[in-house]
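Q: Sharing a structure here in structure tokens format.
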Amino acid sequence: MREATLRARKLATVGAQVSAVLPEAHRVLSELAAALHRGDDPARHVPHLDVQLAKLGALIDDCQIARPRLEPVNLFDVARRAVASEMPEASRRDVDLLLGVPADIEVLTDPSRLRAALVQLIRNATEASPRGAAVEIGARADLERATLSITDSGPGIPADKLERVFDPFVSLKDDWRAIGMGLFEAREIIAVLGGSLRLDSTEGQGTRVTIALPLA
């Protein structure tokens with residue numbers, strides 16, 4: 001019963017996220033359709049149409065993994081931005097984020113989607129780490145691929161649960177607010193970017209997430 005209640009709450013949270021998009025989409029598209037039906041210029045008769053469409057696009061992007069736009073990207077720059085966004089929460093938890101990514105690695109990727117995946121993975125590592133510990137973000141490159149790793153010294157993941165943590169709505173956190181979509185979404189994003197994600201963990205010793213990406 002407890003597990004069923006937690007799952008219901010998680011599904012309700014996801015439903016709330018999706019339902020936030022629908023009214024906005026309906027409003028913007030209705031105004032646009034009405035202007036086109038009248039033969040008016042939508043840009044003149046729909047207030048701030050470009051801003052509204054951009055906002056709607058961002059909301060939809062949050063609910064799906066669209067086709068990425070791959071381009072040469074400096075891996076250090078993406079990792080630095082991801083670390084910077086998680087630094088306040090890490091400081092609050094007294095966890096150090098140690099960035100050791102070389103500045104000369106370029107990968108072929110979608111920078112915004114890669115950063116979103118890294119933010120989620122760094123957040124997971126931060127939340128798993130004890131106070132005073134450090135999360136290490138490192139990278140290296142070979143002839144064809146770059147490999148980025150995120151390592152924490154948290155409690156680790158039991159071997160029998162290691163593969164299940166990638167399933168949607170599965171979370172090892174005893175918190176109903178933990179939807180259990182972070183690792184699932186991160187692996188899906190990395191796969192869409194042409195890469196792979198591997199999880200290695202030893203119970204009581206910590207966890208390492210390894211991401212492989214094609215070089216530019």
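The values are calculated or read from the model by the stated rules, or taken from the named source; none is laboratory data. Everything numeric in this text was worked out from a predicted model, so none of it was measured. For neighbour counting, all protein chains shown are included, and Cβ atoms are generated from backbone atoms with ideal geometry for every residue, glycine included. The accessibility values were calculated without ligands, DNA or RNA, using every heavy atom of the protein model including side chains. Shrake-Rupley method; radii C 1.70, N 1.55, O 1.52, S 1.80 Å.
Q: Exactly one of these conditions fails for P155: (1) open to solvent by less than 70 Å² (accessible area, probe 1.4 Å); (2) modelled with pLDDT under 90; (3) at negative phi; (4) touching an Asp or Glu at 6+ places or on another chain (Cβ under 9 Å). Give me its number.
A: Single failed check for P155: (1).
Q: Cβ-Cβ under 7 Å, sequence separation 6+ or interchain: first residue in the stretch 85-96 and within 12 Å of A125 (Cα to Cα), partner of a type in the set (S, T, N, Q) and modelled with pLDDT under 95. Which pairs?
A: Hits for this filter: E86/T126; E89/T126; A90/T126; R93/T126; V95/T126; V95/S129.
Q: Further question: Pairs needed: first member in the stretch 186-214, open to solvent by less than 30 Å² (accessible area, probe 1.4 Å); second member anywhere, assigned to a helix (DSSP H, G or I) and of a type in the set (A, V, I, L, M); C-beta distance under 6 Å; at least 6 residues apart or different chains.
A: That search, which allows pairs on different chains as well, returns A186/A117; A186/L121; I189/A117; I190/A117; L197/I190; V209/L121; I211/I190.
Q: Sticking with this structure for a sec: So which strands (runs of 3 or more DSSP E) stay within the stretch 68-170 end to end and still have 2 or more residues that are under 30 Å from G204 (Cβ atoms) and not charged (D, E, K, R)?
A: 96-100, 134-141, 145-152
Q: Which of the residues spanning the stretch 79-110 are of a type outside the set (A, V, I, L, M), in contact with a strand residue (DSSP E or B) (Cβ under 6 Å, 6 or more places away or on another chain), over 13 Å from D152 (Cα atoms) and open to solvent by 40 Å² or more (accessible area, probe 1.4 Å)?
A: Within the stretch 79-110, G100, E106 qualify.
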